[in-house]
Amino acid sequence: MTYKETLDYLYAQLPMFTRVGSSAYKANLDNTIALCNLLDNPQHKFKTIHVGGTNGKGSTSHMLAAILQIAGYKTGLYTSPHLKDFRERIRINGQMISEQDVVDFVDHYKNDFETINPSFFEMTVALAFDLFAREQVDIAVIEVGLGGRLDSTNIITPEASVITNIGWDHMNILGDTLQLIAGEKAGIIKPGIPVVIGEYQPEVADIFIEKAKQEASPITFASEEWEVESEVKGKRLKVKGDNRSEFLDVVVFPLKSSRTTHYLQLDLPGTYQLKNIKTVLCAVDELRAKGFIITDEHIQTALRQVKVLTGLRGRWETLSTSPLTICDTGHNPEGIQEVLKNIANVTYNRLHFVIGMVNDKDSSKVLAMLPKDAVYYFCKPDIPRGLEAESLKEKAESFGLLGDAYLSVQAALVAAQNAAADGDLVFVGGSTFVVAEVV
């Protein structure tokens with residue numbers, strides 16, 4: 001098969017969570033174990049760091065991969081979902097897996113897929129582990145897909161486990177309380193393996209502390225180790241040729257004397273990265289304790305160019321300066337709260353909000369948070385799970401959010417940009433899959 005035919009086969013044959021939702025989620029590790037047994041258990045042939053949590057795990061994973069890469073380690077990176085190209089999920093030193101590697105893997109194991117019947121995600125995890133083993137990476141940063149305890153990635157024994165935070169997402173699968181969600185996320189804590197928790201959240205901290213105690217795992221809360229100060233460089237964008245970028249200047253102060261102060265400049269300008277950077281620094285400490293040679297200069301150099309090194313997109317990303325158009329993948333209540341903080345840091349006259357959502361999540365919490373004085377452009381992301389634009393518009397109206405429905409994300413974006421006057425801001429978000437159609 002060609003690469004396109006291979007992808008079409010995968011999308012048609014393997015249940016894909018991003019397209020169909022919870023029916024694609026396998027609540028056990030059986031298929032992943034069967035696939036990895038078939039591949040001679042590649043996950044045991046390289047070192048890993050495991051990154052979970054509700055928000056920030058993608059940014060954290062990419063920052064860690066960038067640091068390891070700059071420190072001279074051949075670094076694998078597995079993340080999900082992808083925005084534009086399936087191959088974004090699997091990278092080595094920032095380079096996506098080749099189309100031929102995808103084709104060869106599927107062609108070789110297609111008959112086994114029909115016996116094992118894996119999900120799309122299970123197959124992708126096996127493909128990543130197989131490539132990382134064959135290419136002999138020094139370490140791979142592995143992002144959890146959903147939850148933790150029963151996630152397909154949870155068959156690794158990492159150098160360290162990282163859980164960024166706990167928030168309201170995938171409640172239909174993980175549980176309808178933060179405590180239940182935390183219990184699922186805590187499932188990546190392994191016997192004797194250090195764990196870094198990004199945020200100390202009083203309502204769930206004891207769940208992590210107890211799980212770490214059960215597993216005899218050293219536990220660190222990053223928010224208790226570091227204090228961060230920052231200043232966004234101006235309210236407007238800094239344009240350097242075709243590379244539109246706004247850096248976040250950060251000073252990270254240790255709350256304990258054994259650490260040094262870091263003066264950093266991040267090319268990921270969303271203010272929510274202030275939380276993630278604490279998590280990243282604590283994870284680096286754990287890697288150093290395991291013998292990885294990572295200097296403060298490596299950290300500084302890497303964090304200035306995470307997007308270049310790893311290909312990360314969609315995190316408070318500027319799409320246009322005329323009119324100023326920004327997108328972000330934040331999509332649950334905690335993510336939207338961070339988006340709104342970032343919008344508040346921008347000087348604008350009127351906000352034009354292009355928004356789409358998926359149909360298997362409760363949108364009420366998000367809609368209740370959004371500003372009523374913005375103009376809304378409702379759209380449906382082009383996936384089966386996409387919530388119809390008219391349905392979203394109707395529900396949003398009950399929260400006092402007014403605007404029109406459009407036939408596509410692109411149509412909504414064009415309408416917003418055409419309507420925006422000088423000094424207005426166009427924001428695009430509400431779902432990762434909306435952002436995927438504009439980056």
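Can you tell which of Ile197, Ile181, Ile207 is closer than 20 Å to Gly167 by Cβ, in contact (Cβ under 8 Å) with a residue 24 or more places away in the chain, of a type outside the set (Ser, Thr, Tyr) and open to solvent by 30 Å² or more (accessible area, probe 1.4 Å)? Give the derivation first.
Working: Ile197 fails: open to solvent by 30 Å² or more (accessible area, probe 1.4 Å); Ile181 fails: open to solvent by 30 Å² or more (accessible area, probe 1.4 Å).
Of the residues listed, the single one that is closer than 20 Å to Gly167 by Cβ, in contact (Cβ under 8 Å) with a residue 24 or more places away in the chain, of a type outside the set (Ser, Thr, Tyr) and open to solvent by 30 Å² or more (accessible area, probe 1.4 Å) is Ile207.
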The lone exception for Ser23 - which of (1) open to solvent by 40 Å² or more (accessible area, probe 1.4 Å); (2) under 24 Å from the mean Cα position of the chain (by Cα); (3) modelled with pLDDT of 90 or more it fails: (3)
Selection within the range 47-81 - assigned to a helix (DSSP H, G or I), touching a helix residue (DSSP H, G or I) at 6+ places or on another chain (Cβ under 9 Å) and open to solvent by less than 10 Å² (accessible area, probe 1.4 Å): Ser59, Thr60, Ser61, Met63, Leu64, Ala65, Ala66, Ile67, Leu68
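Conditions (1) buried (at least 22 other Cβ atoms within 10 Å of the Cβ); (2) assigned to a helix (DSSP H, G or I); (3) under 18 Å from the mean Cα position of the chain (by Cα); (4) without any contact (Cβ under 8 Å) to a residue 24 or more places away in the chain, marked per residue:
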position: Val252; (1), (2), (3), (4): yes, no, no, no
position: Ser257; (1), (2), (3), (4): no, no, no, yes
position: Leu268; (1), (2), (3), (4): yes, no, yes, no
position: Ile277; (1), (2), (3), (4): yes, yes, yes, no
position: Val308; (1), (2), (3), (4): no, yes, yes, no
Test set (1) open to solvent by less than 50 Å² (accessible area, probe 1.4 Å); (2) farther than 17 Å from Ile49 by Cβ; (3) hydroxyl-bearing (Ser, Thr, Tyr) - Thr115 fails condition number: (1)
Unique match (being part of a strand (DSSP E or B) and crowded, with 17+ Cβ neighbours inside 10 Å) among Thr325, Thr318, Thr329: Thr325
The range 342-384, residues that are modelled with pLDDT of 95 or more, within 25 Å of Ala421 (Cβ to Cβ) and small (Gly, Ala, Ser): Gly356, Ala374
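Identify all residues within the range 140-155 that are of a type in the set (A, V, I, L, M, F, W, C), surrounded by fewer than 23 Cβ atoms within 10 Å (Cβ to Cβ) and at pLDDT 95 or above; write none if there are none.
Let us first name the residues in the range 140-155 that are of a type in the set (A, V, I, L, M, F, W, C), namely 140-142, 144, 146, 150, 155.
Going one step further and asking which of them are surrounded by fewer than 23 Cβ atoms within 10 Å (Cβ to Cβ), we end up with 146, 150, 155.
Ile155 - this is the single residue of the range 140-155 that is of a type in the set (A, V, I, L, M, F, W, C), surrounded by fewer than 23 Cβ atoms within 10 Å (Cβ to Cβ) and at pLDDT 95 or above.
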Subset of the range 385-415 [at pLDDT 95 or above, closer than 25 Å to His82 by Cα and either open to solvent by less than 50 Å² (accessible area, probe 1.4 Å) or more than 26 Å from the chain's Cα centre (by Cα) (or both)]: Leu387, Ala389, Leu392, Tyr406, Leu407, Ser408, Val409, Ala411, Ala412, Leu413, Val414
Pair list, Cβ < 6 Å and 6+ apart or interchain, from the range 134-163 residues that are in contact (Cβ under 8 Å) with a residue 24 or more places away in the chain to residues that are assigned to a loop (DSSP other than H, G, I, E, B) and aromatic (Phe, Trp, Tyr): Val137/Phe46; Asp138/Tyr73; Ile139/Tyr73; Ala140/Phe46
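Which residue is most open to solvent (accessible area, probe 1.4 Å), if the candidates are limited to the range 286-303 and must be part of a helix (DSSP H, G or I) and in contact (Cβ under 8 Å) with a residue 40 or more places away in the chain?
The first filter runs over the range 286-303 and keeps only residues part of a helix (DSSP H, G or I), leaving 286-289, 296-303.
Narrowing further to those that are in contact (Cβ under 8 Å) with a residue 40 or more places away in the chain: 286-287, 289, 298-299, 301-303.
Details: Glu286: 37, Leu287: 2, Ala289: 84, His298: 42, Ile299: 1, Thr301: 53, Ala302: 0, Leu303: 2 Å².
In this case the residue turns out to be Ala289.
May I ask you to verify whether Arg87 is in a strand (DSSP E or B), at pLDDT 95 or above and over 15 Å from Leu35 (Cβ atoms)?
Spelling it out, it is not the case that Arg87 is in a strand (DSSP E or B), at pLDDT 95 or above and over 15 Å from Leu35 (Cβ atoms).
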Some residue of the range 344-358 being of a type outside the set (A, V, I, L, M), open to solvent by less than 20 Å² (accessible area, probe 1.4 Å) and assigned to a helix (DSSP H, G or I): no
Within the range 228-240, considering residues that are at pLDDT 80 or above and surrounded by 14 or more Cβ atoms within 10 Å (Cβ to Cβ), the one farthest from Thr279 (Cα to Cα): Ser230
Identity of the residue in the range 359-379, farther than 24 Å from Gly53 by Cα and of a type in the set (A, V, I, L, M), that ends up most open to solvent (accessible area, probe 1.4 Å): Val375
Wholly within the range 374-439, strands (runs of 3 or more DSSP E) carrying at least 1 residues that are in contact with a strand residue (DSSP E or B) (Cβ under 9 Å, 6 or more places away or on another chain), in contact (Cβ under 8 Å) with a residue 60 or more places away in the chain and not polar (S, T, N, Q): 425-429
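The values are calculated or read from the model by the stated rules, or taken from the named source; none is laboratory data. Remember, predicted model here, so these are calculated numbers, not experimental data. As a convention, Cβ positions derive from the backbone with ideal geometry for all residues, glycine included, and neighbour counts pool all protein chains shown. Ligands, DNA and RNA are stripped out before the accessible areas are found, and what is left, the full protein with its side chains, is counted by its heavy atoms. Shrake-Rupley method; radii C 1.70, N 1.55, O 1.52, S 1.80 Å.
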